[in-house]
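Just below is one structure, and these are the notes that go with it.
The values are calculated or read from the model by the stated rules, or taken from the named source; none is laboratory data. Bear in mind the structure is a predicted one, so any value in this text is a computation, not a measurement. So basically every Cβ, Gly included, is an ideal-geometry build from the backbone, and we count neighbours across all protein chains shown. Heavy atoms of the whole protein, side chains included, go into the accessibility calculation; ligands, DNA and RNA do not. Shrake-Rupley method; radii C 1.70, N 1.55, O 1.52, S 1.80 Å.
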Amino acid sequence: MATDAVDPIFEEEQQHLSDTYATLLAMRDSLSEELETKHKGIAQDLIDMSEEISLDFVGADETMETLAAIETLNSVIDTYNQYHDYTVDKVRRILLLLMQPYFAKVRLQMRPGRPARDVYIGAAGVTDDHKRPLIVDWRSPVAETYYNQQMGETSYQVDGKTRTVNLELRRQFDITRDVLNMYFDTTVAIQDSLLLGALKRHHTEKLQAITATIQREQNAVVRHDDVPALLVNGIAGSGKTSVMLQRIAFLLYRQRETLNANQVYLFTPNSVFESYIDTVLPSLGESNPQTFTWTSFMEAQGLSERSDGASTSPDELRRLEALVGDLVLEEDDLRGISLEGTSLLKPAQVKASVNKFSKFPVGPRLAALVKDDLHDKLDRRFAQLAKDDEMQEELLGLDMDDQIEIFGRTIDGPDEEELLAYTEQYVQHLYGSAHDQIELGTWLRIDRIGMRMLGVKALTAAEWLYLKLLICGPSERNARYVMVDEVQDYTVTQLMVLARYFPRAHFLLLGDEHQAIREGTATFAQIKELFTETHGSIEEYLLRTSYRSSPEITELFASLLDESDRINLSSVRRPGIKPEVTTCTERDEYLDALHRAVEAAHEGEGLTAIITADKARRSWLHRQLGDAARSIHKGDALPATGVVVMDLELAKGLEFDHAIIPDAQEQVYPDTPLARRRLYTAISRAMHKVTIFSQGPLTPLLA
């Protein structure tokens, strides 16, 4: 490690950093100037070309010549757009690197007898003017040699082939812009100095990227083969959420030509957690995926007015599966298509389309045929409306602003043929979204069908959506990846719905079976059985090292596990503060002790969370503490420092410098498997310190 004494390696690395930084600045300025110049130049070229085109469609030759000129213009525009996108992306990567050009270097001997070369690794990759790598992206194949943490002979994968190299040096850097703060060499023994330094830091209000400190076991998940389903089972603090986000960044990089962030769906436990992680991917130069909680996902399906169905028995969904094969749609199961109070297709027309394909059983095939037929009928209906005198008069009565908005121009004395064409456009403008209604299956009365099948008076959101998927098939065919964090808090029913909604997507499921804080959620055995059935196979990976909590805290929450589950659990942090446990017999004694703990927390650094067992206790405790602690509710963002009080449901998945467990009495945490998992979850939120209070006899789980 570098010291205050003259260190030739430090000076050499600082010079390399200064040179690299100067190169990045020069590239930024050159590209910015080039963008500005090219933008103006190309814009003028397009103007000149467009003015030279004569729109002549009189004869065949003239028409072909005009069309060829337009095609040439479009080709130039496409080329400019591609150039512009490439250049803007390169500027974006350089701006990202200017904050920290790189965080590591490996020295690799690529072939025996050949001199080794240095490879600098950063959050993004960039080449110099000679197309040589100046900095390689951490997601590139060669960067795997850094994350392997294996000196000497090591390997990485390129295009499905293994390339073996010799790792002579693994150097880590602490860099701020163009200033080298420290460097660490790990040529003698693998100990991640950057990781240990990062673990000393205090909580931040936003989760930080772990790109520079990804450990070997975490890297195995980030770079895992693309499989139909991967279940990551990790203890509290093993970095599951960080690994998931790095995995998303890795996939977006490796499949940049074919994958975009809108094709990735991320399910988070709650909105506080969603806010906590929303800057990680942008800090890596990537866009956030489509992010949902289970509740917001159901709201997006238009099902917010009914029970979300999380606790619905999976047997009810299986009953629907079994019964749908013999289902016969009745006339009252169907409805017409209307928009803005105008009936476009009558129920009888929908029924006729269904009857037309009656030889097919109810299911996605029948639904697809009916939809096609309804689209044809709707187009014919639009054609009829366009010929309607009242509709044409309505068109001619539009003011100039409406005409320009709809047609891009004003209508000036159209002849009969033009009037019909304009009216067809106008009808499409008014009612074109009815085609979306057909695709969404609004012509089906899902509630009536489901209630008849199950013999119930109402369907939950899960039952409604599952039945619609059984009848119509999945509507989301563009999704490529679905990430489910805290999967141990999902029920079998919820996972059945997600697996059917995203049948073509690959799933990454992350959780800790010991943090299942509600009754009735899916066991990991059930999760594996379900995805083996729906996706053909599922692989499981274990994470058994805590990077969040001190050894003392890790030992405390690990003591709540069965002895067999404690094997191989460890913390990489240095020894810290021993957990404090206080049992109070009187209420006043309890509140005084709690007030003192909160006052002391305000004097300390970082963020302290008072984690209550439920919302009612959070509200009561907040009233007792007043302004000494801020109450966190659904939708709130976490502060960077201070003291907050929140219930366990919102705290899960988060981490804090100091966790205060204010209700560790036997009444709240009895000796039951569920209470054991809840207490494990609460204690494991702490990074540096845990303070435990009991108002009455202490829970036997800690006795």
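Quick notes on this structure:
- If you check Ala522, Ala499 for being more than 28 Å from Leu561 (Cβ to Cβ) and open to solvent by less than 10 Å² (accessible area, probe 1.4 Å), only one passes: Ala499.
- Within the range 520-538, residues that are acidic (Asp, Glu) sit with their Cβ atoms under 9 Å from residues that are open to solvent by less than 20 Å² (accessible area, probe 1.4 Å), at 6+ positions apart or across chains, in these pairs: Glu533/Ala499.
- One residue from Thr268, Thr258, Thr279, Thr241 being more than 30 Å from Trp464 (Cβ to Cβ), of a type in the set (Ser, Thr, Tyr) and open to solvent by less than 50 Å² (accessible area, probe 1.4 Å): Thr241
- Scanning the range 291-347 for residues that are touching a residue at least 40 places away in the same chain (Cβ under 8 Å), farther than 30 Å from Leu430 by Cα, in contact with a strand residue (DSSP E or B) (Cβ under 9 Å, 6 or more places away or on another chain) and not in a loop (DSSP other than H, G, I, E, B) turns up just one, Trp294.
- Within the range 407-422, none of the residues are closer than 27 Å to Leu465 by Cβ, open to solvent by 30 Å² or more (accessible area, probe 1.4 Å) and aromatic (Phe, Trp, Tyr).
- Ala383 falls short of the stated requirement of being free of Cβ contacts under 8 Å to residues at least 40 places away in the same chain and among the small types (Gly, Ala, Ser).
- Taking the criterion of being outside any loop (DSSP other than H, G, I, E, B), in contact with a helix residue (DSSP H, G or I) (Cβ under 8 Å, 6 or more places away or on another chain) and of a type in the set (A, V, I, L, M), the residues of the range 634-656 that qualify are Val643, Val645, Met646, Leu648, Leu650, Ala651.
- Qualifying residue in the range 588-606 (condition: within 30 Å of Val484 (Cα to Cα) and of a type outside the set (Phe, Trp, Tyr)): yes
- When Phe360, Phe382 are checked against the criterion of being at pLDDT 95 or above, in a loop (DSSP other than H, G, I, E, B), out of contact with any strand residue (DSSP E or B) (no Cβ under 7 Å at 6 or more places or on another chain) and of a type outside the set (Gly, Ala, Ser), a single residue qualifies: Phe360.
- Thr699 modelled with pLDDT of 95 or more, touching an Asp or Glu at 6+ places or on another chain (Cβ under 6 Å) and β-branched (Val, Ile, Thr): yes
- So Val690, is it under 35 Å from the mean Cα position of the chain (by Cα), open to solvent by 10 Å² or more (accessible area, probe 1.4 Å), in contact (Cβ under 8 Å) with a residue 40 or more places away in the chain and under 26 Å from Ser559 (Cα atoms): no
- Whenever a residue of the range 389-405 is of a type in the set (S, T, N, Q), its partners that are open to solvent by 40 Å² or more (accessible area, probe 1.4 Å) and outside any helix (DSSP H, G or I), lying with C-beta atoms within less than 8 angstrom and at least six residues away or across chains, give the pairs Gln403/Arg409; Gln403/Thr410.
- Residues of the range 471-488 that are crowded, with 23+ Cβ neighbours inside 10 Å and in a helix (DSSP H, G or I): Val487, Gln488.
- Residue within the range 458-469 that is out of contact with any His (no Cβ under 9 Å at 6 or more places or on another chain), open to solvent by 10 Å² or more (accessible area, probe 1.4 Å), of a type in the set (Lys, Arg) and not in a helix (DSSP H, G or I) present: no
- Test: residue in the range 435-444 that is small (Gly, Ala, Ser) and open to solvent by less than 30 Å² (accessible area, probe 1.4 Å): yes
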